[in-house]
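I have placed the structure first, in the form of structure tokens, so that the comments after it can refer back to it.
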Amino acid sequence: PSFGSQLKDGLSKLGLPEEVLGFVFNFSGGPNNLKIPEARGSISAITNEPFFIPLYELFLTYGGIFRLTFGPKSFLIVSDPSIAKHILKDNPKSYSKGILAEILDFVMGKGLIPADGEIWRVRRRAIVPALHQKFVAAMFGLFGEATDRLCKKLDAAAADGEDVEMESLFSRLTLDIIGKAVFNYDFDSLSVDTGIVEAVYTVLREAEDRSVAPIPFWEIPIWKDISPKLKKVNTALKLINDTLDDLIAICKKIVDDEELQFHEEYMNEQDPSILHFLLASGDDVSSKQLRDDLMTLLIAGHETSAALLTWTFYLLSQDPSVMAKLQNEVDLVLGDRIPTVEDMKKLKYTTRVINESLRLYPQPPVLIRRSLEEDVLGKYPIKRGEDIFISVWNLHRSPNHWEDADKFNPERWPLDGPNPNETNQNFSYLPFGGGPRKCIGDMFASFENIVAVTMLVRRFDFQLALGAPPVSILFIFFVSMCEKFTSKLATK
Ligand code: HEM
């Protein structure tokens, strides 16, 4: 905090009323006088691209924090690493999830991503231990089997010379993995289209629509009862909830009958899922809360990894020299084996490729917060109730921090250097967030993606399909999808 704000705090603690302080500090040119730069011009002028892309130009013009107003709504856009660190790590208690929690309420309720305050604290403490080392190591079999199923599907396409749209396949791969990992359910979406898979996608697409809707159409009284689309969403939600209730009931029964003693690294070999761990731990939780948490984990772990994989293969298809280097490492380290946890340390270049893909296409590209009390961001005082977007996209492409920021260059991270993260990059790079609300699935996701990338590149070459539509970027609240990446495959 600046000297002015410290002085103001000190005087306030001595009992001087807020109005008097406000007056004095306004008058004396204290912190209240500093005004956050306001971005002029309208963002709505740019229609066909996700809103976080024009925010980059505004960042170059207005700097690391500015205000963007549309109609009655106003947002603070943060692209400065030290302000991001302040909000996420140094003073996280003063911020909530704000709009994110409001929009996702229909699907995640009070699950770990939207939850705040005491509920968040209690649930985080219950869930984090479930992702212990032994659990993550046990997931390698699952990552390998699911990717192998995808390879078989791609074999057929490569043999027929058929172009494939990769995003939907990656989305299915990661859905199959996360369903097994979280509640031991086999969606098998790579092979079949069941009602439940369709229901999951209906709900996800609804979250996407709501995140970009100019008005909350789902709250309009009569509309919400007669809209066929909302009816479909509610039916899908009911199917998912019923399925989750069934899975919880089945798992409860197994836990009741099992002899295993619960301990820190507890894991049931037949069912290592997070749900099994939570029930065995005696986690005292309402069935609605448990469902919210499972649903949150399903969504958090699904679209993020799917987007990461699609962007990674898109980037690789654009850069044959990186692809060749990657394939070389994979052949040397793995040969034909299914990767294991021990291989992870050796796959250094593969890790750098993923680091770099997450830099250029962070998931989510913006982190959303709302101030719960007054605070000072950089040199600017802010009020309670400000909606804030921390633009990870801007941080990751800032010319102040990165050389050739837009270039896909895994070599920017030395192979013998540390694995880049928010701490060693001082919040200029935060692929998994930072502070107490950092991603709980970072290890899981990194390994899942390394396994998938290695198994695919050792088998196939990927090239942008001739005559395919250009890829486009689609923002769906917490991920930016690489749409329409159609690849031509050749078996290596
Ligand atoms: C939170 C990224 C995979 C579960 C986050 C956050 C980021 C992130 C940036 C912070 C959000 C914020 O501060 O507002 C990613 C990426 C992934 C990934 C890039 C994959 C490539 C996963 C997986 C799981 C998961 C596989 C579950 C197994 C969560 C949860 C939170 C979270 C529960 C909320 C934590 C809290 O608020 O306490 N993730 N994630 N994520 N992630 Fe991930």
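The values are calculated or read from the model by the stated rules, or taken from the named source; none is laboratory data. Just so you know, these numbers come straight off a predicted model, no measurement behind them. Quick reminder, even Gly has a Cβ in these numbers, built from the backbone with ideal geometry, and neighbours come from all protein chains shown.
Which of the residues that make up the range 412-453 are more than 28 Å from ASN91 (Cβ to Cβ) and in a loop (DSSP other than H, G, I, E, B)?
If the condition is that a residue be more than 28 Å from ASN91 (Cβ to Cβ) and in a loop (DSSP other than H, G, I, E, B), then TRP413, PRO414, LEU415, ASP416, GLY417 are the ones that fit.
Check the range 378-391 and report whether any residue there is closer than 20 Å to SER317 by Cα, under 23 Å from the mean Cα position of the chain (by Cα) and polar (S, T, N, Q). If you could, list the steps in order and put the result at the bottom.
Of the residues in the range 378-391, the ones closer than 20 Å to SER317 by Cα are none.
No: zero hits.
Can you name every residue in the range 348-385 that is more than 16 Å from the ligand (Cβ to nearest atom) and in contact (Cβ under 8 Å) with a residue 60 or more places away in the chain?
If we filter the range 348-385 for residues that are more than 16 Å from the ligand (Cβ to nearest atom), which is where we start, we get 348-349, 373-385.
LYS348, TYR349, GLU373, ASP375, VAL376, LEU377, GLY378, LYS379, TYR380, PRO381, ILE382, listed by residue number.
So, ASP406, is that one surrounded by fewer than 20 Cβ atoms within 10 Å (Cβ to Cβ) and away from the ligand (no atom under 16 Å from the Cβ) or not? It would help to see each step written out before you state the result.
Values: surrounded by fewer than 20 Cβ atoms within 10 Å (Cβ to Cβ): yes; away from the ligand (no atom under 16 Å from the Cβ): yes.
Against the criterion (surrounded by fewer than 20 Cβ atoms within 10 Å (Cβ to Cβ) and away from the ligand (no atom under 16 Å from the Cβ)), ASP406 qualifies.
In the range 267-306, which residues are within 9 Å of the ligand (Cβ to nearest atom) and more than 30 Å from TYR361 (Cα to Cα)?
Selection gives nothing.
Can you find a residue that is buried (at least 19 other Cβ atoms within 10 Å of the Cβ) and β-branched (Val, Ile, Thr) anywhere in the range 315-326? Walk me through it before giving the result.
The initial filter retains those residues of the range 315-326 that are buried (at least 19 other Cβ atoms within 10 Å of the Cβ), namely 315-317, 322-323, 326.
Okay, now just the ones that are also β-branched (Val, Ile, Thr), so 322.
Yes: the range 315-326 contains one or more residues that are buried (at least 19 other Cβ atoms within 10 Å of the Cβ) and β-branched (Val, Ile, Thr).
Collect the residues in the range 431-453 that are hydrophobic (A, V, I, L, M, F, W, C) and more than 7 Å from the ligand (Cβ to nearest atom), keeping them in residue-number order. Steps first, answer last, please.
Filtering the range 431-453 down to residues hydrophobic (A, V, I, L, M, F, W, C) leaves 432, 439-440, 443-445, 447, 450-453.
MET443, PHE447, ILE450, VAL451, ALA452, VAL453, listed by residue number.
Evaluate the following for PHE447: is it of a type in the set (Phe, Trp, Tyr) and farther than 29 Å from PRO129 by Cβ?
Details: of a type in the set (Phe, Trp, Tyr): yes; farther than 29 Å from PRO129 by Cβ: no.
Taking the combined requirement at face value, the residue does not satisfy it.
Among the candidates GLN261, GLN289, single out the residue that is farther than 29 Å from VAL451 by Cα, under 22 Å from the mean Cα position of the chain (by Cα) and either of a type in the set (S, T, N, Q) or assigned to a helix (DSSP H, G or I) (or both). Steps first, answer last, please.
Working: GLN261 fails: under 22 Å from the mean Cα position of the chain (by Cα).
Just a single option satisfies the conditions, and that option is GLN289.
Which residue out of LEU466, LEU474 is assigned to a loop (DSSP other than H, G, I, E, B) and modelled with pLDDT under 95? Working first, answer last.
Working: LEU474 fails: assigned to a loop (DSSP other than H, G, I, E, B).
Exactly one residue qualifies, and that residue is LEU466.
Give the residue that is modelled with the lowest pLDDT, with candidates limited to residues of the range 61-82 that are away from the ligand (no atom under 16 Å from the Cβ) and in contact with a helix residue (DSSP H, G or I) (Cβ under 9 Å, 6 or more places away or on another chain).
So the residue we want is PHE70.
Restricting attention to the range 113-171, and to residues there that are among the aliphatic types (A, V, I, L, M), farther than 22 Å from VAL182 by Cα and surrounded by fewer than 16 Cβ atoms within 10 Å (Cβ to Cβ), which single residue is nearest to the ligand (Cβ to nearest atom)? Spell out how you get there, then give the answer.
To start, the set of residues in the range 113-171 that are among the aliphatic types (A, V, I, L, M) comprises 113, 115, 119, 122, 126-128, 130-131, 136-139, 142, 146, 150, 154, 156-159, 164, 166, 169.
With the extra rule that they be farther than 22 Å from VAL182 by Cα, the set shrinks to 154, 156-159, 164, 166.
Okay, now just the ones that are also surrounded by fewer than 16 Cβ atoms within 10 Å (Cβ to Cβ), so 156, 159.
Numbers: ALA156: 27, ALA159: 31 Å.
Only one residue fits best here, namely ALA156.
If we scan the range 352-364, do we find a residue that is among the hydroxyl-bearing types (Ser, Thr, Tyr) and over 24 Å from ILE178 (Cβ atoms)? Step through it out loud before you land on a result.
Residues of the range 352-364 that are among the hydroxyl-bearing types (Ser, Thr, Tyr), as a first pass: 357, 361.
Now narrow it down to the ones that are over 24 Å from ILE178 (Cβ atoms): none.
Checked against the condition, which is being among the hydroxyl-bearing types (Ser, Thr, Tyr) and over 24 Å from ILE178 (Cβ atoms), the range 352-364 yields no hits at all.
Does the range 83-112 hold any residues that are within 11 Å of the ligand (Cβ to nearest atom) and touching a Leu at 6+ places or on another chain (Cβ under 7 Å), and which are they? Please lay out each step first, then the result.
To start, the set of residues in the range 83-112 that are within 11 Å of the ligand (Cβ to nearest atom) comprises 84, 87-89, 92, 95-98, 100-101, 108, 111-112.
Of everything in the range 83-112, those that are within 11 Å of the ligand (Cβ to nearest atom) and touching a Leu at 6+ places or on another chain (Cβ under 7 Å) turn out to be ALA84, TYR95, SER96.
Yes/no matrix, rows are residues, columns are (1) polar (S, T, N, Q); (2) under 29 Å from TYR62 (Cα atoms); (3) touching a Gly at 6+ places or on another chain (Cβ under 9 Å); (4) surrounded by fewer than 16 Cβ atoms within 10 Å (Cβ to Cβ):
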site: LYS345; (1), (2), (3), (4): no, no, no, yes
site: TYR349; (1), (2), (3), (4): no, no, no, no
site: ARG352; (1), (2), (3), (4): no, no, no, no
site: LEU360; (1), (2), (3), (4): no, yes, no, no
site: ILE368; (1), (2), (3), (4): no, yes, yes, no
site: ARG384; (1), (2), (3), (4): no, yes, no, yes
site: SER391; (1), (2), (3), (4): yes, yes, no, no
site: HIS396; (1), (2), (3), (4): no, yes, no, no
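Would a scan of the range 199-207 turn up a residue that is among the acidic types (Asp, Glu) and surrounded by fewer than 18 Cβ atoms within 10 Å (Cβ to Cβ)?
So far as the range 199-207 goes, no, none of its residues is among the acidic types (Asp, Glu) and surrounded by fewer than 18 Cβ atoms within 10 Å (Cβ to Cβ).
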